[in-house]
Amino acid sequence: MKPGYFKPGYFITGTDTNVGKTWATVTLMHYAKRQGKTVVGMKPVASGCVLRQGQLQNDDALLIQQATSLPVDYDLINPYAYALPVSPHIAGADNPADLQVVLAGFKRLQTLADVIIVEGAGGWHTPVNQHQDISDLANILALPVIIVVAIRLGCINHAKLTHQAVRHSGLPCAGWIAACTDAGMLNLEDNIDAIQAALTAPLLGVLPYRACADFDFFADQLDGSGLWH
């Protein structure tokens, strides 16, 4: 692990946007609780937020807040919330994400629980400001990475590229989760098998297609025995 890694935690990235990162993040949080761990989550940067009681809030970040083991202010979970549903570097042009601010909040959250799970935005190279992207955020936090792969047309290529990019960054890839986002996906198991054969990181679980999230059911699908000891 890189210097600064002192508590169990993982950074969740995806092969694209809308691949199931949040469902996987909250599922991992539920799984950690089953192991007797306290857990906090974080979504540092989010676009497509809605104004609620005078504050921009993101639905995914709210799910993470609800899954956290103890009360945590929304601003700490999602310090950069943008209204426009576009890339963060565009949505946040007037208030760009400062990764040092994110790091400070991350360190505060780390002290609150046994485990911290951080969800990125978009894919591995999604820009978070004009000069940095999600990979830079992951490197600053120095967490092992879990890749969420949406099992849909093109997933084998996307999984290979993302896995290669994560490994090139120098961060360890702790595993990947298959998220079945396409109810009509042809040869689903064949695609999962092909990805499993191509990646050196272990498959941590397959989240079956569901119209609505069922995190207890999803947690049953995980084999994260190597994630927490």
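Coordinate-derived values only; no laboratory data. Everything quoted here is computed from the prediction, not taken from an experiment. Reconstructed Cβ throughout: ideal geometry from the backbone, glycine too, with neighbour counts over all protein chains shown.
Can you tell me which residues in region 14-42 are over 24 Å from S225 (Cα atoms) and among the charged types (D, E, K, R)? Spell out how you get there, then give the answer.
Within region 14-42, the subset over 24 Å from S225 (Cα atoms) is 16-18.
Once the filter is applied, which keeps residues that are over 24 Å from S225 (Cα atoms) and among the charged types (D, E, K, R), region 14-42 yields only D16.
Is it fair to say A93 is in contact with a Gly (Cβ under 8 Å, 6 or more places away or on another chain) and surrounded by fewer than 22 Cβ atoms within 10 Å (Cβ to Cβ)?
On the way: in contact with a Gly (Cβ under 8 Å, 6 or more places away or on another chain): no; surrounded by fewer than 22 Cβ atoms within 10 Å (Cβ to Cβ): yes.
Spelling it out, it is not the case that A93 is in contact with a Gly (Cβ under 8 Å, 6 or more places away or on another chain) and surrounded by fewer than 22 Cβ atoms within 10 Å (Cβ to Cβ).
Test each condition in (1) free of Cβ contacts under 8 Å to residues at least 12 places away in the same chain; (2) closer than 21 Å to A67 by Cβ for N157 and report the one that comes out false.
Going through (1) free of Cβ contacts under 8 Å to residues at least 12 places away in the same chain; (2) closer than 21 Å to A67 by Cβ one by one, N157 breaks only (2).
Looking at the structure I just gave you, is A219 assigned to a helix (DSSP H, G or I), within 26 Å of R34 (Cα to Cα), in contact (Cβ under 8 Å) with a residue 12 or more places away in the chain and among the small types (G, A, S)?
Working: assigned to a helix (DSSP H, G or I): yes; within 26 Å of R34 (Cα to Cα): yes; in contact (Cβ under 8 Å) with a residue 12 or more places away in the chain: yes; among the small types (G, A, S): yes.
Spelling it out, A219 is indeed assigned to a helix (DSSP H, G or I), within 26 Å of R34 (Cα to Cα), in contact (Cβ under 8 Å) with a residue 12 or more places away in the chain and among the small types (G, A, S).
Report every pair of residues separated by at least 6 positions or lying on different chains whose Cβ atoms are under 7 Å apart, first residue within region 122-139 and farther than 10 Å from P96 by Cα, second aromatic (F, W, Y) and surrounded by 21 or more Cβ atoms within 10 Å (Cβ to Cβ).
I134/W124; S135/W124; A138/F11
When the residues of region 171-194 are filtered to those that are of a type outside the set (A, V, I, L, M), more than 21 Å from G122 (Cβ to Cβ) and in contact (Cβ under 8 Å) with a residue 40 or more places away in the chain, which remaining residue is surrounded by the most Cβ atoms within 10 Å (Cβ to Cβ)?
Filtering first and then ranking leaves N191.
Looking at region 151-172, can you tell me whether even one residue there is under 20 Å from P79 (Cβ atoms), within 18 Å of the chain's Cα centre (by Cα) and among the charged types (D, E, K, R)? Can you show your working first?
Just the residues of region 151-172 that are under 20 Å from P79 (Cβ atoms), to begin with: none.
No, every residue in region 151-172 fails to be under 20 Å from P79 (Cβ atoms), within 18 Å of the chain's Cα centre (by Cα) and among the charged types (D, E, K, R).
Any chance you could count how many residues in region 23-45 are buried (at least 18 other Cβ atoms within 10 Å of the Cβ) and either farther than 15 Å from F217 by Cα or among the aromatic types (F, W, Y) (or both)?
9
Can you report the number of residues in region 123-143 which are within 11 Å of the chain's Cα centre (by Cα) and either in a loop (DSSP other than H, G, I, E, B) or of a type in the set (D, E) (or both)? Reasoning before the result, please.
First, the residues of region 123-143 that are within 11 Å of the chain's Cα centre (by Cα): 123-124, 134, 138.
Filter once more, keeping what is either in a loop (DSSP other than H, G, I, E, B) or of a type in the set (D, E) (or both): 124.
Qualifying residue count for the region: 1.
When the residues of region 181-216 are filtered to those that are part of a loop (DSSP other than H, G, I, E, B) and of a type in the set (V, I, T), which remaining residue is farthest from A67 (Cα to Cα)? Explain how you work it out, then say what you get.
Start the filter on region 181-216 by keeping residues that are part of a loop (DSSP other than H, G, I, E, B), which leaves 181-187, 199-202, 208-214.
Still in the list and also of a type in the set (V, I, T): 181, 200.
On the way: T181: 22, T200: 30 Å.
Among those residues, the one meeting the criterion is T200.
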